[in-house]
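Quick one: the structure is below, questions incoming.
No lab work stands behind these numbers, since they all come straight from the coordinates. Quick caveat: nothing in here was measured; it's all calculated off a predicted structure. Positions of Cβ are backbone-derived with ideal geometry, glycine not excepted, and every protein chain shown enters the neighbour counts.
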Amino acid sequence: MAGNPRNGRPYRRLVAAQKALGLPCWLCGHQIGYQLDARHPLSFTLDHLVPLSRGGSLLDPANARSAHRRCNSARGNRTERTAPSKTSWKW
Ligand SMILES: [Zn+2]
């Protein structure tokens, strides 16, 4: 089923390109566990400078940022999977 642009090739390519930069998390500034399992809280996720809900572009590299999974979801962006409605990561 098409329909979700996150499943599209351009999006995947953007994710791969962003990942390849090896940047630290833009939200907390710490290194991202690029080799970690994708479900790990410290693994890489593609975040967006301007949230899509506010008109940010999904596929614009200029809008792409590297973030930890936990930071990304704590910020309130829904990425994959339904995030818990309350999101403050207790360390
Ligand atoms: Zn982070």
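Summing Lys, Arg as +1 and Asp, Glu as -1, what charge do residues with Cβ under 13 Å from the Cβ of Leu59 carry, Leu59 excluded? Provide the component values of the computation, followed by the final result.
Working: positive: Arg6, Arg9, Arg12, Arg13; negative: Asp60.
Local charge sum for Leu59: +3.
Which net charge results when you count Lys and Arg as +1 and Asp and Glu as -1 among the other residues whose beta-carbon is under 12 Å from that of Ile32? Walk me through the numbers on the way to the answer.
Details: positive: Lys19, Arg65, Arg69, Arg70; negative: Asp47.
Summing Lys and Arg as +1 and Asp and Glu as -1 gives +3.
So, in nm, how far is label Ser57 from label Leu21 when the simple model puts each one 7 Å beyond its Cα toward the Cβ?
Placing both labels 7 Å beyond Cα along the Cβ direction yields 1.4 nm.
Now a separate question. Quick one: P(r) of region 5-74 from all Cα-Cα pairs, 5 Å bins, percents rounded to integers, in order of increasing distance.
Taking all Cα pairs of region 5-74, the binned fractions are 3, 19, 28, 28, 17, 4, 0 percent.
Under the rule of at least 5 residues apart or a separate chain, name every residue whose amide H is placed under 5 Å from the amide H of Arg65.
Placed amide hydrogens put Asp47, His48, Leu49 under 5 Å from Arg65.
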